[in-house]
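Engineer: First the structure, then my questions, so here it is.
The values are calculated or read from the model by the stated rules, or taken from the named source; none is laboratory data. Quick caveat, the model's predicted, so the values are computed rather than measured. Heads up, the Cβs are rebuilt from the backbone with ideal geometry, glycines too, and the neighbour counts pull from every protein chain shown. Calculation scope for accessible area: heavy atoms of the full protein, side chains included, ligands and nucleic acids excluded. Shrake-Rupley method; radii C 1.70, N 1.55, O 1.52, S 1.80 Å.
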Amino acid sequence: SSFDDLSLVQLLVKEGQSAIDSLPAGIKNNRELIAEVIRSNVRRLIVDRQSVNPAYYDKMSNILNGLIEQSKSDVEDYEEYLQKLIELAKMVENPQSGTSYPTAITTAAQAALYDNLGSDEDLALKVDNAIITSKQDDWKNSRIKTKIVRNAIKKVLAEDSDQVDVILNIAREQSDY
């Protein structure tokens, strides 16, 4: 089809259910198909963004799986189900919208650290600061500069060295760093 798949999620976020009117006729007149198209677009976005914030997108994936299970038992009325899919699309498209973070957590990168460090605000901010103060230009493309950032993260996470590489990989995915 000619319309851009990823823009469907953005349309749902912006326009809610009226976004469905922009779907091709063969889809928008079939409730099952509409739900399937929305679910698969949301799933693709979750998969695409997984590495940016694994803990958050795992949670979103679990919500989606729950909604898929719900649709099989078909107890719910269609409009309400669609509304839940749209709410999920909003949370996937814009993580800060669906979750209340502590006021000190102000960037997507800090939110990703917070979500993946057991919702420990203090630790997330310390790691964020360690990354910001240790990173050099183009650090993601230099083994030596990456090692400097890794060591800064390791210093903060001293007791939990298993997490250092997980957090380093999340940091590499952030546009803020």
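Engineer: Lys and Arg at +1, Asp and Glu at -1: add these up for the other residues within a Cβ distance under 12 Å of T107 and post the number.
Structural biologist: -2
Engineer: Sticking with this structure for a sec: Can you pull out the chymotrypsin sites (Phe, Trp or Tyr not before Pro) in the stretch 75-170 that DSSP calls coil and that have at most 16 other Cβ atoms within 10 Å?
Structural biologist: Listed in order of number, the matching sites amount to none.
Engineer: Also: So what's the angle, to the nearest 10 degrees on a 0 to 90 scale, between helix 121-134 and the longest Cα principal axis of the chain?
Structural biologist: So the inclination is approximately 60 degrees.
Engineer: Give me the percent of the accessible area of the chain that comes from carbon and sulfur atoms, probe 1.4 Å, all protein chains in place.
Structural biologist: 48 percent
Engineer: If you filter the stretch 40-115 for GluC sites (Glu not before Pro), then keep DSSP loop positions with at most 15 other Cβ within 10 Å, what is left?
Structural biologist: When the GluC sites (Glu not before Pro) of the stretch 40-115 are filtered for loop state and at most 15 Cβ neighbours within 10 Å, E76 remain.
Engineer: Please work out whether the stretch 57-96 counts as rounded, prolate or oblate from its C-alpha gyration tensor, where a ≥ b ≥ c are the square roots of the eigenvalues and a/c under 1.5 means rounded, while otherwise a/b larger than b/c means prolate and anything else oblate?
Structural biologist: The shape class here is oblate.
Engineer: Based solely on its DSSP helices, what 222 nm [θ] is calculated for the chain when runs of n ≥ 4 H residues each add -39,500 (n - 2.57) and the sum is averaged over all residues, nearest 500 deg cm²/dmol?
Structural biologist: Dividing the helical sum by the residues of the chain leaves -21500 deg cm²/dmol.
Engineer: Which links in K14/K59; K14/K126; K59/K145 stretch past 29 Å when you go from one Cα to the other?
Structural biologist: Beyond 29 Å between Cα atoms: K14/K126; K59/K145.
Engineer: Which value results for Rg/Rh of the chain when Rg is the Cα radius of gyration and Rh the Kirkwood radius based on the inverse mean 1/r?
Structural biologist: Here Rg/Rh amounts to 1.07.
Engineer: Something else: Return one whole number: the accessible area per residue of the chain in Å², for a 1.4 Å probe.
Structural biologist: Ligands and nucleic acids excluded, the figure is 54 Å² per residue.
Engineer: Ranked by accessible surface with a 1.4 Å probe, highest first, in what order do I144, I38 come?
Structural biologist: I144, I38
Engineer: Hey, another quick one. On the principal axes of its Cα set, how long, how wide and how thick is the stretch 82-177? Give whole Å, largest value first.
Structural biologist: Projected onto the principal axes, the Cα atoms of the stretch 82-177 cover 49, 27, 23 Å.
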